[in-house]
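Have a look at the structure below, then the notes.
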Amino acid sequence: MHDHPLEVGEDATTFFQPRGMVFVTMLWVIALVWLLCRGLYVLLLLALGIRPTAADIVTIAESLLVVPVVAAGLIVLVAWNRFGWLKSSMKGLEFGATGRRGVHLPWSAIASVGLRRWGPFTELVITPTTMTAVTELPGPGRRPRTLRRESGPAFLLDVGLMSPGPTTLLAELHRRIPSRV
C-alpha cells in the first residue's frame, strides 16, 4: 500500500482510510452544507418577494442531487493516494496525515498518544519525547501536521475514518508504548 523505509514484520498492524468511506462521508457532509445553502437561497428569494418558479425548483432539486456527488468525487480523486495511514510494528510507529509526508518514531520516543474531537473529525495526537527522535519520511506531500503546545510540539493525524477505527487504533498504540514508571 505505502512504500516506506520502515521494514515491518509479521507483527505489523496497518490502519488506513478506505476510499469508499471517505467518499460517502464527504458526500453527506457536502450534501448537508449544500442543502443549507440552497435553502437559505430560497428563503432569501422569498424574503425579497420573489417566488421561485417550477423551473427554479427543478434546478434546485437537480443541484441537490448532482453537486454533492461531483464535489465528493473530485475530492476523493484529488487525494486518491494521499489519505492518512498509520503502521505500528516492533520497530516503531509510522504515520502520515492526509496529503502530508510520513513520520517515523521509535516506541521509546513517544511520550503520549490521545484522541481529540469525535466522529469523522477524530484526530490522533502523538507527542514525541523529543523532536530529535523524529524521522520525516521522504516522499510527496506537505510537512507533517503539528500542534504547538506549552509542553512541546505534537503530531496530528486524521483517524476518524480509519479502519478498523480510532478506539482500536488507540488500544494498539497503548499496547505497544513502553510504560514510563
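Read-outs throughout are calculated quantities, based only on the coordinates presented, and are distinct from any laboratory measurement. Given the structure is predicted, the values throughout are model-derived calculations rather than measurements. FYI the Cβ positions are ideal-geometry reconstructions off the backbone, even for glycines, and counts take in every protein chain you see.
Numerical summary
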item	result
Relative contact order for segment 24-120, counting Cα pairs under 8 Å that sit 6 or more residues apart, in percent	20
The chain: relative contact order in percent, alpha carbon pairs under 8 Å with at least 6 residues between	23
Rounded to the nearest 20 debye, dipole of segment 1-146 from Cβ charges on Lys, Arg, Asp, Glu	400
CD proxy at 222 nm, helix term only [per DSSP H run n ≥ 4: -39500 (n - 2.57); per residue of the chain; nearest 500]	-12500 deg cm²/dmol
Leu93 long-range amide H proximity, modeled H, under 5 Å	Leu105, Trp107
Added length on full extension, which subtracts the Cα-Cα distance from 0.36 nm per residue, Thr98 to Thr59	10.6 nm
Ranked packing of 74-85, 138-149, most packed first, by mean Cβ within 10 Å	74-85, 138-149
Pair-distance profile P(r), taking every C-alpha pair of the chain, with 5 angstrom steps and integer %	1, 7, 14, 17, 16, 11, 8, 7, 6, 5, 4, 3, 2, 0, 0
Relative counts (whole %) of C-alpha pair distances in segment 19-78, using bins that are 5 Å wide	4, 19, 23, 19, 13, 10, 7, 4, 1
Residue exposure sequence - Arg19, Arg116 - by fewest surrounding Cβ within 10 Å	Arg116, Arg19
Residue with peak Gaussian network fluctuation, the chain [Cα springs, cutoff 10 Å], from Ser163, Ser112, Ser151	Ser151
Between helix 54-78 and the chain: long-axis angle, C-alpha atoms, 0 to 90°, nearest 10	20
Stokes-Einstein translational diffusion, segment 67-174 - Kirkwood Rh over all Cα pairs, 0.692 mPa s, 37 °C, in µm²/s	226
